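The structure appears right after this line, and notes come after that.
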Amino acid sequence: MTSTTSTASTDSALREDLGELPLLDGGDPRCECDHGAGDEYAACGAKARWRVTVECTCGGAHPRRVELLCTQCLANRRRELERESITIRAI
């Protein structure tokens with residue numbers, strides 16, 4: 001008797017999770033924090049040191065966000081996201 005295990009659902013879930021991650025393809029990753037005015041996006045551009053995952057805790061089923069941030073923008077973001085669940089990992 002041969003036993004087989006399907007990994008299709010695990011593989012597709014992994015691809016979805018990896019699709020949310022910012023790219024770290026060589027070079028120095030740069031901070032993605034928005035320093036623009038109004039609707040204009042202007043990335044910080046400082047060297048990113050942290051990968052931050054934000055899980056909304058309001059119960060509204062908001063999507064998870066993953067950001068690359070420098071140390072200063074991380075400090076600012078932590079003050080802004082006081083009620084959110086955040087996970088911080090060094091790059």
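Each reported figure results from applying straightforward, stated rules to the coordinates on display, with no laboratory input. The shown structure was predicted, so the numbers you read here are calculated from the model rather than taken from an experiment. No Cβ is skipped: glycine too gets one built from the backbone with ideal geometry, and neighbour counts run over all protein chains shown.
Structure above, values below:
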| item | result |
| --- | --- |
| Magnitude of the charge dipole, the range 33-91, Cβ model with Lys/Arg +1 and Asp/Glu -1, debye to 20 | 380 |
| Label-point separation in nm, Lys47 to Arg65, each point 7 Å along Cα→Cβ | 2.6 |
| Net lengthening on full extension, Cys56/Asp28 (0.36 nm per residue, minus Cα-Cα) | 7.2 nm |
